[in-house]
Amino acid sequence: MRNEWVRPYYEALVKKRAQLVGKRCFDVALSTILLVLLSPAFLVLAIAIKLDSPGPVFYRQERVTQYGKRFRIFKFRTMCDRADQMGSAVTTGGDARVTRVGAKIRDYRLDEISQLIDVLRGTMTFVGTRPEVPRYVEGYTSEMMATLLLPAGVTSTASIQFKDEADLLNEADDVDKVYVEEILPLKMEYNLQDVKKFSLPQDLHIMLATVGAVTNRGE
């Protein structure tokens, strides 16, 4: 990560150390509150997932977060068990691996709320670049590595802009190739801008915009 492309982003963040501390305090406080308030929803989702298909409640895929550290993300399982061994690491529209209950959970992004656990643990933050699997990170350009200066996020500007990513990949012959060569670079443009312009007000704006995007999707 120590290269001339990452340095401008690092220097921009160094000037905002107080806000970075505030970001972590905000993450801990809000994730704790939401975990308590949403505990009934966690229970309902867990029961629905177990009744719908065999397998664990959570999908614990390995992802990459701040400074290239690897962690196992918490996501409510929306696919059949061991789905990652049956196809691409990204999901397309109408993916046969998605379960009946999983499709409903995905419509409202409910599979993401379990990442509150990751936020509380510090492996993720509310707003930041979405965590990718290691093999995608290995293909990052030198500048893309700047997105790893901050913890991986639950949401981001790129997440909002590409909320229909699965549909975009639906017609691709080689899903992984199209994602890596076409979609990921576009997402990274948004991610890099978010890192360079990081501020707590910006984080709040992105969180509110995410709520709006999810609500509109569900209509």
- Item | When residues of region 17-51 are limited to those that are open to solvent by 50 Å² or more (accessible area, probe 1.4 Å) and not hydrophobic (A, V, I, L, M, F, W, C), the one farthest from Gly122 (Cα to Cα) | Lys50
- Task: Please work out which residue is most open to solvent (accessible area, probe 1.4 Å), limiting yourself to region 1-16 and to residues that are in a helix (DSSP H, G or I) and charged (D, E, K, R).
- Result: Arg7
- Message: Please count how many residues of region 163-179 are closer than 16 Å to Ala209 by Cα and touching a helix residue (DSSP H, G or I) at 6+ places or on another chain (Cβ under 6 Å).
- Response: 1
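Does Val14 fit the bill of being free of Cβ contacts under 8 Å to residues at least 12 places away in the same chain and under 21 Å from Met207 (Cβ atoms)?
Numbers: free of Cβ contacts under 8 Å to residues at least 12 places away in the same chain: yes; under 21 Å from Met207 (Cβ atoms): no.
So Val14 fails the test.
Which residue, of Arg77, Arg109, Arg63, Arg100, is surrounded by 20 or more Cβ atoms within 10 Å (Cβ to Cβ) and touching a helix residue (DSSP H, G or I) at 6+ places or on another chain (Cβ under 7 Å)? If you could, list the steps in order and put the result at the bottom.
Values: Arg109 fails: surrounded by 20 or more Cβ atoms within 10 Å (Cβ to Cβ); Arg63 fails: touching a helix residue (DSSP H, G or I) at 6+ places or on another chain (Cβ under 7 Å); Arg100 fails: surrounded by 20 or more Cβ atoms within 10 Å (Cβ to Cβ).
Exactly one residue qualifies, and that residue is Arg77.
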- Query: Any residue in region 148-166 that is within 22 Å of Arg72 (Cα to Cα) and more than 16 Å from the chain's Cα centre (by Cα)?
  - Reply: no
- Find the helices (runs of 4 or more DSSP H) located wholly in region 21-135 whose residues include 2 or more that are within 30 Å of Tyr10 (Cβ to Cβ), and list them. 116-121
- Note on the structure: Those residues of region 80-97 which are aliphatic (A, V, I, L, M) and either open to solvent by less than 40 Å² (accessible area, probe 1.4 Å) or modelled with pLDDT under 75 (or both) amount to Ala83, Met86, Ala89, Val90
- Note on the structure: Per the list (1) touching an Asp or Glu at 6+ places or on another chain (Cβ under 8 Å); (2) more than 25 Å from Val21 (Cα to Cα), residue check on Leu192 breaks on (2)
- Scan region 179-194 and report the pairs whose first residue is under 14 Å from Ser156 (Cα atoms) and whose second residue is part of a helix (DSSP H, G or I) and not aliphatic (A, V, I, L, M), with Cβ atoms within less than 7 Å and a gap of 6+ or a chain change. Leu184/Tyr136; Met188/Thr147; Tyr190/Thr157; Tyr190/Gln161; Asn191/Thr147; Leu192/Thr147; Asp194/Thr157
- Task: Evaluate the following for Phe162: is it surrounded by 15 or more Cβ atoms within 10 Å (Cβ to Cβ) and over 15 Å from Gln66 (Cα atoms)?
- Result: yes
- Could you identify the single residue in Lys177, Lys187 that is crowded, with 17+ Cβ neighbours inside 10 Å, part of a helix (DSSP H, G or I) and on the phi < 0 side of the Ramachandran plot? Lys187
- Task: Tell me, please, whether a residue that is at pLDDT 90 or above, part of a helix (DSSP H, G or I), more than 22 Å from Tyr10 (Cα to Cα) and open to solvent by 60 Å² or more (accessible area, probe 1.4 Å) can be found in region 197-206.
- Result: yes
- May I ask you to verify whether Met145 is open to solvent by less than 20 Å² (accessible area, probe 1.4 Å) and either within 18 Å of Met1 (Cβ to Cβ) or touching a helix residue (DSSP H, G or I) at 6+ places or on another chain (Cβ under 9 Å) (or both)? no
- Looking only at region 139-166, which residues are assigned to a loop (DSSP other than H, G, I, E, B) and modelled with pLDDT under 95? Gly139, Phe162, Lys163, Asp164
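The values are calculated or read from the model by the stated rules, or taken from the named source; none is laboratory data. Fair warning: this is a prediction, and the values are worked out from it, not measured in the lab. Positions of Cβ are backbone-derived with ideal geometry, glycine not excepted, and every protein chain shown enters the neighbour counts. The accessibility values were calculated without ligands, DNA or RNA, using every heavy atom of the protein model including side chains. Shrake-Rupley method; radii C 1.70, N 1.55, O 1.52, S 1.80 Å.
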